[in-house]
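> Please see the structure below; I have some questions.
The values are calculated or read from the model by the stated rules, or taken from the named source; none is laboratory data. Keep in mind that what you see is a predicted model, and the values were worked out from it rather than measured. Glycine gets a Cβ as well: all are built from the backbone with ideal geometry, and neighbour counts include every protein chain shown. Quick note on the areas: whole protein, heavy atoms, side chains included, nothing else; ligands and nucleic acids left out. Shrake-Rupley method; radii C 1.70, N 1.55, O 1.52, S 1.80 Å.
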Amino acid sequence: MSAQPGAGLFRARTEKINWNAVFLEGRALIALILIVVIFASMSDHYLTATNLLSMTRHVAFNAVLALGMLMVILHGGIDLSVGSTVGLSGVVAGSLLQGLDLSLFDIVAYPAVWVVVVVAVAVGALAGYVNGLMVTRFRVAPFVATLGMMYMARGAAMLIADGRTFPELQGDPELGNTGFSAIGNGRLLGIPMGVWIMIGVAVLVAILLTRTPFGRWLYSIGGNSRAAELSGVPVGRVVRSVYVISGMCAALVGLILASELTAATPQTGQMYELNAIAAVVIGGAALSGGRGTVRGTLIGAFVIGFLTDGLVIVGVSEFWQMVITGAVIVAAVALDQFQQRLNHTRRGPGKPGSGARPATKPAEDKAAASATVSN
Amino acid sequence: MVATQAAAPTTTDVVLHATGITKRYGGVDALKGVDFEIRPGAVTTLFGENGAGKSTLMKIISGVEQPTSGTLELDGAPVRFGSSDDALDKGIAIIHQELNLAPNLSVRDNIFLGRELLTPFGSVDRSAEDEVVRTLMERLEEDLDPATKVADLRLGQQQIVEIAGALAADARVLIMDEPTSALSASEVEVLFKVIEDLKADGVAIVYISHHLEEALHVTDRAVVLRDGELVAQDEVRHIDLAWVVEKMVGAADEEVFASLDPNPGEVVLGVSDLVVADPQAPERNVVDHVSLEVRAGEIVCVYGLMGAGRTELMEAVAGRMPVVAGQVTLQGRDVGGLNVRDRIDLGLGLVPEDRQRDGLVPQLSVGRNMSLASIGDFVRGIFLSGRIENGRIEAGIAKTRVKTSSPNAPVGSLSGGNQQKAVISKMLLTEPNVLLLDEPTRGIDVGARAEIYSLLAQQAQQGLGVLYVTSEIGEAITGSNRLVVMHKGRLVAEFDSRKVDRHTVMAASGENADLAGETAENEMGASR
């Protein structure tokens, strides 16, 4: 999680500590600390180990989704389908645990839990792969492609479950498929499995982003995909992989949720994609791509989770919770924009030597056009 | 620089007077204290090579950019343009070299963009706008329906729309930056007629064109810029083409970078009968049956004007653009069907024309931009080795002499020349056999240009085959061993760079079409 690409902030030149810059750079963390301090002063219960652990467990769902989302956003895309994929993978797991009715052989198969997990994750990966194909091969805008998948995956979940819930997924020792509930309810060293999964995913994603060519490619595609392509970066492959990873993250969340409730509902995960996007954005990533870190995203997820739970604990009404969460998201992005401008001015004026452009170019800079041409 | 004073006019007949204009971009001085004036009822033409500062000066006068220092006076009173709208309000309109049109909107909507005519109810008065557009089109002798979408027009017609937009503004000062680059001969004639009419109405016109003879034909006064300085100006009746060329290129005794005694080896790059279609108009070929060879240790220049198909040739060879027909071979191996990445692996790299758009990833540091294309070389297992990577970056910085405070500095903090060196370094780190460079010195200062050509010469001596494209005549000759001229998608002439002068090359490039045909044929015959 160190050595973030593009962090032009930690330059050796600035010897005097610029408190404004420190404030801006660390704003998500400062916001998190503020949230903890404020709620701790309002409720004795807030800062207890039990509550922190319980809140972290809630954070884990969103954080795992957000880590997948981070990778998609780094390439300059968005994945609206993750919430639906959460529901779909949960239902797939539920249906398998309830028994796979192979009427052809007149038997009902009860696959082992590890098989269930693999199949559910594969379903998430498949949904992601379709997203990736749509974006790279068929040039569908990520927003639209994943919007379509959002409906399709939700529909598929409804079809599989026939609109109902799969209850009692704890399995049966006689069938040899027990242990599913451990994913969501088990503990290791006193820490819930969901939190361990979050930590594991975070470490993997961080390594992928900072220590492998894949990560470097991803940042370069988000920064300038034309330059990346001309540098030999396999743009299509990287982009497809990113959606697959996001789908797999969503499937993991679906499994944890289903396990925790020992039940799978096709409606699970609605609006989760928006929370994930919010976490990534609060963590300082740019929706245009090329900028964002695992550390920031985790902090973003904690900000949202700790804020939401805190508001519940001190008894703020659900409606006010929405208003406050929304305000925090907007404020975070506004601050981010402010910081970007600050960086630019500190870096000196303009891009040097951009020179004249070729005569034919799309009117991408329409703003400039309307200012100059027409008159 | 002395000549500046010679033809200094009286101030009474000057609309706009610019004094001591300087403009810095990062570390580059695009303009160094230019004094310039525009007179009503006359055409003033700016001559100068690419990067001489013509477009920058026009952007300042039209309010698109603000000068670093210097003052503007309009009708004798000091004036400051905050934006191009501001300049337009004061009667100064510009026709940009790059078309600034919204392709998704109609001709009418483009012409009135930002200053729509309104009905008393506040809605757009389309019929009134159409009326004006029709009058303008009549004047430009172009049969265009105001409701046509601009995207459906050919490039020349789009340029007409751009011109019509400027005319609609009824400006007192009209700046035309390469207005004819996409126009047909008859359209150019019409434009010149319109220019005469405007002059008669007392409009001051500033004209910029690469087509020197065409510009001399239409102009009343010539102003020559070189490397950001105004080096000469005179009335057109006192001067001729030779005068312009001499002032543009300056002293001819330039340093020759390419090795005088090249010892070319095997053919490393072969291009035969390459045809590339225009992506906008597939029935037209932007690269038309081009064949050429580059040998190891040889530096070949493709000289041609913008729009000659040079960029398309380079991108097709690099695997970025699809080809219609023809073959590209790398060390004898046909690379048709291979993508950019495969070709880099085989030793063919492209340094693109627009480094902001195609060369650099602004979010990455200088070092990481440089290592991007050769990332496979420092992977150990599945992980990047920071130690090996940093070593290679350091070596690259040293070899190409990139001036940066640190490899971790943001790439945007470098000057244009150093950014370009970083892009070149990126491709050199892939250890290519052939390096393609599209306008390697665009928008960078003289010192950095020399460094880049020295670097290429040095690499060639170690066996690299270099193919570069330029529209700067001096660089075409001094940077290369061999020079081919590209005109309208075809290679029309080939020269030994040591045995050719500027005028011959310029003539062959189509700047004077009649002469070019003859010379080209002769030279082609001679060089075979």
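> Apply the Karplus parameterisation 6.51 cos²θ - 1.76 cosθ + 1.60, with θ equal to phi minus 60°, to every residue of the range B:341-358 and state each ³J(HN,Hα) to the nearest whole Hz, in sequence, with x for glycine and proline.
Taking θ as phi minus 60°, the curve returns 5, 4, 5, 4, 4, 7, x, 10, x, 10, 9, x, 5, 9, 6, 5, 7, 10 Hz for the range B:341-358.
> Where does the charge balance sit around residue A:233 when Lys and Arg score +1, Asp and Glu -1, over other residues with C-beta under 15 Å from its C-beta?
Numbers: positive: A:216, A:226, A:237, A:240, B:320, B:341, B:343, B:368, B:426; negative: A:229, B:342, B:345, B:358, B:377.
Neighbourhood net charge equals +4.
> Quick one: Karplus J couplings for the range B:229-235, per residue in order, coefficients 6.51, -1.76, 1.60, θ = phi - 60°, nearest Hz, x for Gly and Pro?
Residue by residue, the range B:229-235 yields 10, 7, 9, 6, 8, 6, 6 Hz.
> Let's test the formula: R0 of 22 Å, r as the Cβ-Cβ distance of residue A:34 and residue B:405. What FRET efficiency results, to the nearest 0.05?
On the way: r = 35 Å, r/R0 = 1.61.
Here the calculated transfer efficiency is 0.05.
> Turning to a different aspect of this structure: Tell me the angle of helix B:155-168 to the major Cα principal axis of chain B, expressed in degrees between 0 and 90 and rounded to the nearest ten.
40 degrees
> In angstroms, what radius of gyration and Dmax does the protein assembly as shown have, counting Cα atoms only?
31.8, 107
> Mind listing the long-range amide H neighbours of residue B:48? Cut-off is under 5 Å, sequence gap 5 or more, other chains count too, H placed in the peptide plane at 1.01 Å from N.
The list, which skips near neighbours in sequence, is B:225.
> Per residue of B:169-175, how many C-beta atoms from partner chains lie within 10 Å of its own C-beta, taken as a mean?
Values: counts 3, 1, 1, 0, 0, 0, 0.
Partner Cβ neighbours, averaged per residue: 1.
> If you don't mind, another one. Working out 0.36 nm times the residue gap between residue B:394 and residue B:29, then minus their Cα-Cα distance, what length gain in nm do you get to one decimal? The partial results should precede the final answer.
Working: separation 365, 0.36 × 365 = 131.40 nm, distance 2.81 nm.
Stretched out fully, the residue B:394 to residue B:29 stretch lengthens by 128.6 nm.
> Same structure, new question: For n ≥ 4 DSSP H runs only, could you compute -39500 (n - 2.57) per run for chain B, divide by its residues and tell me the 222 nm figure to the nearest 500? Kindly include the intermediate steps, with their values, before the conclusion.
On the way: 18 runs with 174 residues, N = 528.
Only helices count here, giving -9500 deg cm²/dmol.
> Here's a follow-up. Could you work out how far apart the two model spin labels at residue B:201 and residue B:138 are, taking each label as a point 7 Å from the Cα in the direction of the beta carbon, and quote it in nm?
The answer from the label model is 1.4 nm.
> Moving on to the next point. On average, how much accessible surface per residue is there in the range B:360-430, in Å², for a 1.4 Å probe, leaving out ligands, DNA and RNA?
Values: 2540 Å² over 71 residues.
Ligands and nucleic acids excluded, the result is 36 Å² per residue.
> Another question about this same structure. Whole number in Å², please: accessible area per residue of the range B:431-483, 1.4 Å probe, ligands, DNA and RNA not counted.
Values: 1230 Å² over 53 residues.
That works out to 23 Å² per residue.
> Sticking with this one: Over the protein assembly as shown, what is the percentage of antiparallel beta bridges among all DSSP beta bridges, to the nearest 5? If you can, show how the numbers build up before the last one.
Values: 53 of 88 bridges.
Around 60 percent of the beta bridges assigned by DSSP in the protein assembly as shown are antiparallel ones.
> Now for a separate question. On a 1.4 Å probe surface of the protein chains, which of A:50, B:400 comes out largest in accessible area, and what is the full order? Present the calculation step by step, with values, prior to reporting the outcome.
Details: A:50 105, B:400 10 Å².
Accessible-area ranking of A:50, B:400, largest first: A:50, B:400.
> When the accessible area of the range A:27-338 is split by element with a 1.4 Å probe, what percent falls to carbon and sulfur? Please report the intermediate quantities before stating the final value.
Working: 8990 of 12990 Å².
Of all accessible area on the range A:27-338, carbon and sulfur atoms account for 69 percent.
> When you look at the Cβ of every residue in B:349-362, what mean number of other chain Cβ atoms sits within 10 Å?
Numbers: counts 3, 2, 1, 3, 3, 8, 5, 8, 8, 7, 5, 6, 16, 8.
Mean number of neighbouring Cβ atoms from other chains: 6.
> Please list, in chain and number order, the residues 5+ apart from residue B:203 or on another chain whose amide H is under 5 Å from its amide H, with Hs placed from the backbone.
B:41
> At a probe of 1.4 Å, how much accessible area disappears from chains B and A on forming the pair, both sides counted, to the nearest 100 Å²?
Details: alone 23370 and 19580 Å², together 37960 Å².
Between B and A, the summed buried area is about 5000 Å².
> Heavy atoms only, probe 1.4 Å: what % of the accessible area of the range B:360-430 goes to carbon and sulfur, would you let me know? Don't jump to the answer; show the numbers that get you there.
Details: 1370 of 2540 Å².
Carbon plus sulfur share of accessible area: 54 percent.
> Quick check: from the Cα gyration tensor, does the range B:244-321 come out rounded (a/c under 1.5), prolate or oblate? Intermediate values should be presented prior to the final figure.
Details: a/c = 3.37, a/b = 1.30, b/c = 2.59.
Oblate, because a/c is 1.5 or more while a/b does not exceed b/c.
> To continue, here is another question. Accessible area per residue for the range A:27-338 in Å², computed with a 1.4 Å probe and the full protein assembly in place, what is it?
Working: 12990 Å² over 312 residues.
Here the residues of the range A:27-338 average 42 Å² of exposed surface.
> Can you give the alpha-carbon Rg of chain B over 2.2 N^0.38 Å, where N counts its residues?
1.02
> By how many degrees, 0 to 90 and rounded to 10, does the Cα axis of helix B:126-139 deviate from the longest principal axis of chain B?
The two axes meet at around 80 degrees.
> Taking Cα pairs under 8 Å and at least six residues apart, what relative contact order does the range A:27-338 come out at, in percent?
Working: 577 pairs, mean separation 107.8, N = 312.
RCO, the range A:27-338: 35 percent.
> Convert each backbone phi in the range A:258-265 into a coupling constant with the Karplus relation 6.51 cos²θ - 1.76 cosθ + 1.60 (shift: θ = phi - 60°), then list the ³J(HN,Hα) values in order as whole Hz, x for Gly and Pro.
Taking θ as phi minus 60°, the curve returns 5, 5, 4, 8, 6, 7, 10, 10 Hz for the range A:258-265.
> Further question on the same structure: If you fit an axis through the alpha-carbon atoms of helix B:185-200 and take the longest principal axis of the Cα set of chain B, what angle between them do you get, 0 to 90°, nearest 10?
Value to nearest ten degrees: 40.
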